[in-house]
Amino acid sequence: MTETDKTQAWQATLTPHRSLTRQGFLTVMALVILVNLVVGGLFTMVGAWPIAGFAGLDVLLVWWAFRANFADARQMERIEVTEHEVVLDRLRADRPPEQQRFVRRWVRVELEEDRERELIGRLSLVSGQTRVALGDFLSPDERKTLAQALRSALAIPRI
């Protein structure tokens, strides 16, 4: 926001947590390849050479799984509460950017909770008949904290 912008806003940017760095990924893949080379080599030495091909298939499947995981990590959701509206922007690697706008006074925050079993479910913004889930990639505690923060931001009469 620039200094000349007179309206203030509450804003949160959500991204999935990924603990594996690029170096960690390369290390894990090197270990998977090494183990599969050893196993494939042993089976080839005892005459079961077709097993070596399946060992190579394991490497491809692990690589594909990590690739899908890293693609999921490139998503982002930004929620902005201004004086008159709530704006939800979504960025995902495989889709065009999405933006949804809601009239602030009609938006409510809903968090599915089962207090008896201490379960926290989906977090949604609801306006009329429109229900938009957000933060699906967040942990239950993070969804609960976000719900409280959003409710607080919506309760402030003038941001």
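The values are calculated or read from the model by the stated rules, or taken from the named source; none is laboratory data. Keep in mind that this is a model prediction, so the values were computed, not measured. Glycine gets a Cβ as well: all are built from the backbone with ideal geometry, and neighbour counts include every protein chain shown. Surface accessibility is based on the protein's heavy atoms, side chains included, excluding ligands, DNA and RNA. Shrake-Rupley method; radii C 1.70, N 1.55, O 1.52, S 1.80 Å.
Data for the structure
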| read-out | value |
| --- | --- |
| Pick from region 2-21, criterion open to solvent by less than 70 Å² (accessible area, probe 1.4 Å) and at pLDDT 90 or above, ranking: farthest from GLY135 (Cα to Cα) | TRP10 |
| Close pairs from region 132-159: first at positive phi and touching a residue at least 24 places away in the same chain (Cβ under 8 Å), partner assigned to a helix (DSSP H, G or I) and crowded, with 19+ Cβ neighbours inside 10 Å, Cβ under 8 Å, at least 6 apart | GLY135/ARG143; GLY135/LEU146 |
| Pick from region 70-102, criterion closer than 20 Å to PRO140 by Cβ and modelled with pLDDT under 90, ranking: surrounded by the most Cβ atoms within 10 Å (Cβ to Cβ) | GLN75 |
| Matching entry among VAL38, VAL109 (being in contact with a strand residue (DSSP E or B) (Cβ under 9 Å, 6 or more places away or on another chain) and aliphatic (A, V, I, L, M)) | VAL109 |
| Region 1-18 residues that are farther than 26 Å from ALA68 by Cβ, paired with ones that are of a type outside the set (A, V, I, L, M, F, W, C) and modelled with pLDDT under 85 (beta carbon under 9 Å, 6 or more apart) | MET1/THR7; MET1/GLN8; GLN8/ARG158 |
| Meets criteria (over 30 Å from ALA133 (Cα atoms), at pLDDT 85 or above, over 31 Å from the mean Cα position of the chain (by Cα) and open to solvent by less than 50 Å² (accessible area, probe 1.4 Å)) for GLY24 | no |
| Strands (runs of 3 or more DSSP E) contained entirely in region 103-159, each with at least 3 residues that are surrounded by 15 or more Cβ atoms within 10 Å (Cβ to Cβ) | 108-114, 119-127 |
| Filtered residues of region 27-53 (kept if among the hydrophobic types (A, V, I, L, M, F, W, C) and surrounded by fewer than 13 Cβ atoms within 10 Å (Cβ to Cβ)) | ALA30, LEU31, LEU34, VAL38, MET45, VAL46, ALA48, TRP49 |
| Failed item in (1) open to solvent by 40 Å² or more (accessible area, probe 1.4 Å); (2) in a strand (DSSP E or B), with VAL62 passing the rest | (2) |
| Among (1) within 27 Å of the chain's Cα centre (by Cα); (2) farther than 30 Å from LEU138 by Cα - the single one ALA65 does not satisfy | (2) |
